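See structure below.
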Amino acid sequence: DVKVTQSSRYLVKRTGEKVFLECVQDMDHENMFWYRQDPGLGLRLIYFSYDVKMKEKGDIPEGYSVSREKKERFSLILESASTNQTSMYLCASRRPRQTGYGYTFGSGTRLTVV
Amino acid sequence: ELKVEQNPLFLSMQEGKNYTIYCNYSTTSDRLYWYRQDPGKSLESLFVLLSNGAVKQEGRLMASLDTKARLSTLHITAAVHDLSATYFCASPPGGYNKLIFGAGTRLAVHP
């Protein structure tokens with residue numbers, strides 16, 4: 001089974017800090033995704049990447065950037081954390097077509113910005 | 001733009017009863033995913049439906065896909081308390097990688 005590992009389960013950061021959320025998958029998948037989940041708003045796509053150094057904006061990219069220097073690792077960066085970025089962040093990796101296109105999610109990082 | 005709508009958003013069920021959660025999506029898509037989420041946890045994959053008419057079953061849950069009607073259903077048979085969770089459907093817009101999620105159906109099964 002695919003394993004998607006998010007480096008932190010809980011994080012507390014101060015307003016204005018630069019924050020790095022790390023995500024690693026172990027199956028050489030090309031496609032990786034960052035979502036945030038908020039009560040009443042569901043899951044919203046922040047960024048996704050379809051290959052090393054390739055990225056595309058999702059629906060809510062403002063205030064975020066991403067980095068994909070190696071295939072297995074997809075990092076989400078909050079350039080200057082703000083309280084409205086307090087949320088649950090979920091990373092996902094997608095299987096290729098021949099294995100059914102399934103998406104596997106990491107365990108999530110609950111970020112609190114104070 | 002693809003929109004995914006689930007209903008109901010909240011479902012309180014008695015143990016032993018049957019019910020269906022509906023997932024409608026607004027534009028052409030050939031795949032539909034169902035996930036389960038327990039409170040404070042991440043998303044667990046339940047079903048991946050890859051073609052029109054696809055039906056998959058796991059225990060008391062059965063999912064189906066009708067791409068012509070742009071409708072997927074998640075049917076719960078003889079509900080038990082362990083099924084209490086939030087269920088999400090998700091679909092990728094045609095030709096895209098990203099998943100668009102429904103708002104989720106919060107299921108509570110009680111005696």
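The values are calculated or read from the model by the stated rules, or taken from the named source; none is laboratory data. What you see is a predicted model, and the numbers here were worked out from it, not measured in a lab. Positions of Cβ are generated from backbone atoms using ideal geometry, with glycine treated the same way; all protein chains shown enter the neighbour counts.
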Which listed residue, of A:61, A:96, is within 14 Å of chain B (Cβ to nearest Cβ) and under 23 Å from residue B:48 (Cα atoms): A:96
Residue in region A:18-32 that is exposed (fewer than 14 other Cβ atoms within 10 Å of the Cβ) and at pLDDT below 95 present: yes
Only listed residue being crowded, with 17+ Cβ neighbours inside 10 Å and part of a strand (DSSP E or B), chosen from A:81, A:92: A:92
Subset of region A:16-38 [in a loop (DSSP other than H, G, I, E, B) and facing another protein chain (nearest Cβ under 10 Å)]: A:30
Candidate set from region A:99-114 (those that are part of a strand (DSSP E or B) and under 25 Å from residue A:26 (Cβ atoms)); member that is nearest to the other protein chains (Cβ to nearest Cβ): A:105
Odd one out for residue A:81, checked against (1) within 22 Å of residue B:103 (Cβ to Cβ); (2) modelled with pLDDT of 95 or more; (3) more than 14 Å from the chain's Cα centre (by Cα): (1)
Residue within region B:39-56 that is of a type outside the set (Asp, Glu) and under 16 Å from residue B:10 (Cα atoms) present: yes
